[in-house]
Amino acid sequence: MFLTDRLRSVLLVCVIALLSACQQNSVRQIPVIDFFKTPEKSFFKISPDGKYISYLKPYKDKQNIYIQSLPDGAEKMATSFADYSVRDYSWTYNNQLVFSQDIIADDVYKLYALDVATNKLKNLLSLPKVRIRIINRDRLQPDVVTIAMNRRDPGNFDVFRLNVKTGDLKPYIINPGNVTKWYPEPDGSIRLAKVSDGVNETILYRTNDKAQFRPIIKNNFKDRVEPVAFSGDKNYFYALSNVNRDKTAVVEINADNAKQEKVIYASDKADILDVAYSRNKHRLELAAYEEAKPQKHFLNADVEKMYKSLSAKLKGNEMDIVDRDSAEDKFIISTYTDKNPGSYYLYERNGDKLTKLADKNPEIGAAELCDMEPVSFKASDGMTINGYLTIPKGKEKNNLPVVVVPHDGIWNRNSWNYDAEVQFLANRGYAVFQVNYRGSAGYGKAFRNAGFKQVGGKIQSDINEGVQWLIHNKIANPKKIAIFGGGFGGFSALYGVSFHPGMYNCAIVKYGLINFFTYLKDAPPSFKPFLQMTYEMVGNPETDAEQLRAISPVFHTDKIKSPLLIFQGAKDPRANISELNQFVRELKKRGVPVIYRLKENERAFFKSEHNRMEMYAEIEKFLDANMQVKR
């Protein structure tokens with residue numbers, strides 16, 4: 001009897017193990033193209049009169065504008081470019097669409113206007129080596145848009161009024177040489193601006209177009225005041241501010257005397273990263289911030305009621321209003337989760353009607369994807385470091401191959417959302433680890449400041465100590481760890497294999513930063529106002545030369561032994577291609593296994609779907625080969 005019971009127990013354990021193995025092996029390997037293809041429909045917008053919706057859709061591998069009439073449902077292709085995609089586009093109040101193209105091969109920026117009624121296309125501007133930003137549309141002058149461009153001086157953006165019907169271009173404000181941002185009002189006027197001397201930032205204010213700008217608030221770069229809009233009460237304006245506080249809050253400031261009148265909303269757990277503001281009703285709607293997951297605090301009862309109604313219809317989804325008509329009756333809603341790229345909807349407040357417009361990626365089901373789990377650990381100096389861990393479907397959190405993905409942008413952050421790269425890697429059986437190291441956004445002033453002058457120091461230690469935390473908790477297989485990043489994340493990947501060679505099997509780098517000296521020296525003119533600030537936050541090429549040389553991968557090819565896979569766009573304005581070519585040659589001369597893919601006619605991010613498919617297929621093959629190696 002005892003033997004029979006024992007035999008049954010053994011058989012039961014074997015059956016459970018077999019079922020578990022079957023479950024793990026039954027995960028479908030989703031094709032690369034399903035993760036990274038250009039969406040069938042994206043970037044939905046609605047016309048101010050609420051009669052049309054527009055969206056981008058691929059035509060001959062290029063993004064073009066399509067328009068749907070809401071009264072009758074008729075759809076039409078509005079543009080048919082086969083050379084370069086439509087980039088930013090906006091509706092005007094007279095049902096014109098203004099949009100841009102980046103002609104990468106010639107470094108020419110084009111601006112067009114499309115008349116929706118006649119489908120006639122007008123070339124408004126075609127300027128070499130110039131960048132243009134559409135910053136406002138004007139209800140009182142519906143044919144006019146306000147733009148900023150650096151035609152006169154590559155380092156400074158002047159403001160112009162552009163008539164989209166006649167093409168007439170008139171200067172509105174000439175940049176005196178230090179304005180880094182303009183803050184337009186709904187009526188098209190600009191009464192607030194931000195200037196920088198490289199270290200200190202100053203908010204300028206004027207009462208009207210005839211008055212002179214005068215400084216009202218001056219801050220060191222460690223503090224922040226970011227205007228949102230005038231409140232309509234006297235000369236008060238709303239702003240995001242962390243002056244005299246650790247966490248950025250929504251405040252109201254008196255422009256006449258620069259006094260903070262009141263705090264509208266603050267969280268003691270996180271910075272307020274954004275606010276929703278109705279330009280038509282001149283009111284704040286909500287404050288957005290991130291803890292482990294995105295949070296919203298409503299500042300208007302009507303908006304809160306609308307979100308509650310939407311939440312009941314779209315259970316389990318995060319959602320954002322991405323556009324609205326002038327009457328604020330019709331809204332474009334975007335949804336997502338960590339396992340679902342989400343969908344676009346049209347919501348009509350009158351009638352509480354919700355209509356799906358498109359799924360962002362209908363080829364992938366949320367049930368096939370993986371949870372993005374918020375995690376945290378203590379750094380060696382006691383600082384709490386947060387991040388996200390994504391475990392492959394059907395796998396236990398034990399002895400897993402791991403891909404570490406440091407975020408791009410030193411002062412940016414990873415967030416809880418849908419990330420195609422993360423889900424692709426998890427679908428291939430890798431746990432994905434994302435670290436919001438010190439300096440990352442959203443955790444308060446002290447946490448951000450803790451990252452200053454710590455590139456190659458505690459920032460990199462946070463990443464590596466996070467990996468050690470995974471190993472200590474037996475989540476990671478210490479012999480199967482890769483690191484993969486773009487931009488500053490690419491630097492972190494190269495730094496990791498240079499100075500922690502025993503930790504990583506291999507590294508993958510997209511548009512990586514390899515030399516801080518040339519990165520700062522070759523900065524484009526538009527970045528010049530921020531150079532001194534960067535010197536204070538990262539390092540000065542003159543006074544901190546020894547430190548920058550010690551951490552720049554280009555000077556440490558002798559330390560790199562791990563296999564590398566490097567992707568780079570030849571037209572990336574922040575890359576020194578000749579230096580990167582030499583870096584790769586030197587690595588190969590030293591016997592380092594390097595695969596280097598330089599793509600012509602691409603900037604940092606690969607816009608061509610064909611190039612993206614090739615890149616991720618090669619990443620899959622590279623990881624498959626190098627994560628089997630027993631170090």
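Observations on the structure shown:
- Distant-in-sequence amide H partners of residue 124 (H built 1.01 Å from N, under 5 Å): 111, 112, 113
- Contact order normalised by residue count of segment 27-67, Cα under 8 Å, 6+ apart, percent: 28 percent
- Charged side chains reduced to their Cβ positions (Lys and Arg at +1, Asp and Glu at -1) give the chain a dipole of some 660 debye around its Cα centre.
- Heavy-atom accessible surface of segment 364-471, averaged per residue, reaches 31 Å², computed with a 1.4 Å probe.
- Relative contact order (percent, whole number), the chain, Cα cutoff 8 Å, 6+ residue spacing: 9 percent
- Each residue, residue 218 and residue 532, gets one label point 7 Å from its Cα in the Cβ direction; the gap between the two is 1.1 nm.
- Nearest-10 value in Å² for the accessible area of residue 297, using the 1.4 Å probe: 60 Å²
- Derived scalar couplings between HN and Hα for segment 144-154 equal 10, 10, 9, 10, 10, 8, 9, 5, 6, 9, x Hz in order, rounded to whole Hz, by the Karplus curve 6.51 cos²θ - 1.76 cosθ + 1.60 (θ = phi - 60°), x for Gly and Pro.
- Most tightly packed first, judged by the mean number of other beta-carbon atoms within 10 Å of their residues, the peptides 506-515, 263-272 read 506-515, 263-272.
- 0 to 90° range, to nearest 10: angle between helix 2-25 axis and the chain longest Cα axis: 40 degrees
- Our coupling estimate for segment 281-288, obtained by passing each phi through the Karplus curve with A = 6.51, B = -1.76, C = 1.60 and θ = phi - 60°, is 9, 6, 9, 6, 10, 7, 10, 10 Hz, Gly and Pro reported as x.
- Candidate cross-link partners of residue 445 among the aspartates and glutamates, defined by an alpha-carbon separation under 19 Å and a same-chain spacing of 8 or more, comprise 201, 223, 226, 246, 268, 271, 274, 290, 291, 381, 462, 536.
- Working note: Karplus 6.51/-1.76/1.60 with θ = phi - 60° gives segment 48-59 the couplings x, 7, x, 8, 9, 10, 10, 7, 9, 9, x, 9 Hz, where Gly and Pro are set to x.
- Spacing of the two label points (7 Å from each Cα toward its C-beta) at residue 540 and residue 292, in nm: 4.3 nm
- Estimated from helices alone, the mean residue ellipticity of the chain at 222 nm is -6500 deg cm²/dmol (sum of -39500 (n - 2.57) over DSSP H runs with n ≥ 4, per residue).
- Dipole orientation for the chain: of the candidates 251, 267, 299, 267 has the Cα lying most toward the positive pole (charges on Cβ; Lys, Arg +1; Asp, Glu -1).
- Qualifying trypsin sites (Lys or Arg not before Pro) for segment 410-482 [loop in DSSP, other Cβ within 10 Å: at most 15]: 474
- Between residue 398 and residue 130, the FRET efficiency estimated from the beta carbon spacing at R0 = 41 angstrom works out to 0.15.
- Using a cut-off of 19 Å between Cα atoms, the listed pairs 510/571; 51/330; 194/262; 247/308; 122/181; 37/480 include 194/262; 247/308; 122/181; 37/480 as exceeding that distance.
- On the beta carbon distance between residue 368 and residue 207, with R0 = 41 Å, the FRET formula returns roughly 0.10.
- Using a simple spin-label model with pseudo-atoms 7 Å out from Cα toward Cβ, residue 235 and residue 163 lie 3.3 nm apart.
- Residue pairs, from the table 62/621; 45/129; 559/588; 165/356; 129/588, whose Cα atoms sit over 24 Å apart: 62/621; 45/129; 165/356; 129/588
- The figure for residue 329 is an accessible area of roughly 30 square angstrom, using a 1.4 Å probe on the protein chains alone.
- Other-chain or far-sequence residues with amide H under 5 Å of residue 476's (modelled H): 399, 400, 471
- Cβ-based charge dipole, the chain, positive-most Cα from 450, 518, 238: 518
The values are calculated or read from the model by the stated rules, or taken from the named source; none is laboratory data. What you are looking at is a predicted structure, and each value in this text was computed from that prediction instead of being measured. With ideal geometry, Cβ positions are generated from the backbone for all residues, glycine too; neighbour counts draw on all protein chains shown. The accessibility values were calculated without ligands, DNA or RNA, using every heavy atom of the protein model including side chains. Shrake-Rupley method; radii C 1.70, N 1.55, O 1.52, S 1.80 Å.
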